[in-house]
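The values are calculated or read from the model by the stated rules, or taken from the named source; none is laboratory data. This structure is a prediction, so every number in the text was calculated from the model and none was measured. Positions of Cβ are generated from backbone atoms using ideal geometry, with glycine treated the same way; all protein chains shown enter the neighbour counts.
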């Protein structure tokens with residue numbers, strides 16, 4: 001293979017990688033923005049959305065980097081475009097790290113997201129990180145150490161619903177051998 005072919009192949013892979021990342025970011029954003037229910041779960045309200053489902057899918061199917069990028073940019077963009085600007089930097093970090101954690105664990109030991117048990121462990125670990133991250137976010141934004149505890153039931157609900165929908169989607173997608 002000559003140098004021009006190698007360069008074209010590398011460019012093609014970079015393009016595919018960028019397109020896939022953009023698609024995953026879009027899936028997380030759209031699912032968060034348009035597939036949601038606002039509930040009076042806590043003092044601060046509550047938003048149950050399908051963005052977690054897409055974040056789980058991105059991280060488990062494509063790994064830690066794609067999970068981190070999809071979570072950080074997809075949900076961060078939601079905050080920016082939905083009037084939650086003060087939350088955006090925190091969401092970027094919390095959801096980016098969450099996607100990374102889920103991808104890292106689900107791809108551990110060469111499993112590449114194919115172990116249901118590892119995927120569940122990954123979602124639980126990522127969910128715990130999300131609750132801790134958003135607890136401290138609320139402490140910073142609201143200046144109160146007690147009120148953020150009221151958000152925990154809504155966060156648990158989001159994780160459970162996301163897992164109940166996302167894990168079967170991951171299994172189905174992996175069976176198609178498209179990815």
Select from the range 161-179 the residues that are surrounded by 14 or more Cβ atoms within 10 Å (Cβ to Cβ) and under 22 Å from residue 37 (Cα atoms) and list them in ascending order. 161, 162, 163, 165, 166, 167, 169
Can you tell me which residues in the range 75-94 are modelled with pLDDT of 95 or more, within 16 Å of residue 30 (Cβ to Cβ) and over 13 Å from the mean Cα position of the chain (by Cα)? 79, 80, 81
Return yes when residue 26 is in contact with a helix residue (DSSP H, G or I) (Cβ under 8 Å, 6 or more places away or on another chain) and under 17 Å from residue 163 (Cβ atoms) and no when it is not. no
Quick one: is residue 124 under 16 Å from the mean Cα position of the chain (by Cα), assigned to a helix (DSSP H, G or I) and over 28 Å from residue 16 (Cβ atoms)? yes
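Matching residues to (1) at pLDDT 95 or above; (2) under 17 Å from residue 159 (Cα atoms); (3) assigned to a helix (DSSP H, G or I); (4) over 12 Å from the mean Cα position of the chain (by Cα):
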site	(1), (2), (3), (4)
70	yes, yes, yes, no
73	yes, no, yes, no
96	yes, yes, yes, no
114	yes, no, no, yes
Among the numbered criteria (1) in contact with a strand residue (DSSP E or B) (Cβ under 9 Å, 6 or more places away or on another chain); (2) at pLDDT 95 or above, which single criterion is violated by residue 103? (1)
Taking the range 134-153 and keeping residues surrounded by fewer than 19 Cβ atoms within 10 Å (Cβ to Cβ) and part of a helix (DSSP H, G or I) leaves 135, 136, 139, 140, 141, 142, 147, 149, 150, 152, 153
Keeping to the range 90-117, report how many residues are farther than 26 Å from residue 138 by Cα and either buried (at least 18 other Cβ atoms within 10 Å of the Cβ) or without any contact (Cβ under 8 Å) to a residue 12 or more places away in the chain (or both). 11
Considering only residues that are closer than 17 Å to residue 155 by Cα, at pLDDT 75 or above and surrounded by 15 or more Cβ atoms within 10 Å (Cβ to Cβ), which ones fall in the range 27-43? 28, 31, 32, 33, 36
Would you confirm whether or not the range 12-26 contains a residue that is modelled with pLDDT of 95 or more, more than 30 Å from residue 110 (Cβ to Cβ) and part of a helix (DSSP H, G or I)? no
Some residue of the range 121-132 being touching a helix residue (DSSP H, G or I) at 6+ places or on another chain (Cβ under 7 Å), surrounded by 15 or more Cβ atoms within 10 Å (Cβ to Cβ) and over 17 Å from residue 157 (Cα atoms): no
Only one of 140, 152, 101 is more than 30 Å from residue 18 (Cβ to Cβ) and touching a helix residue (DSSP H, G or I) at 6+ places or on another chain (Cβ under 7 Å); which? 152
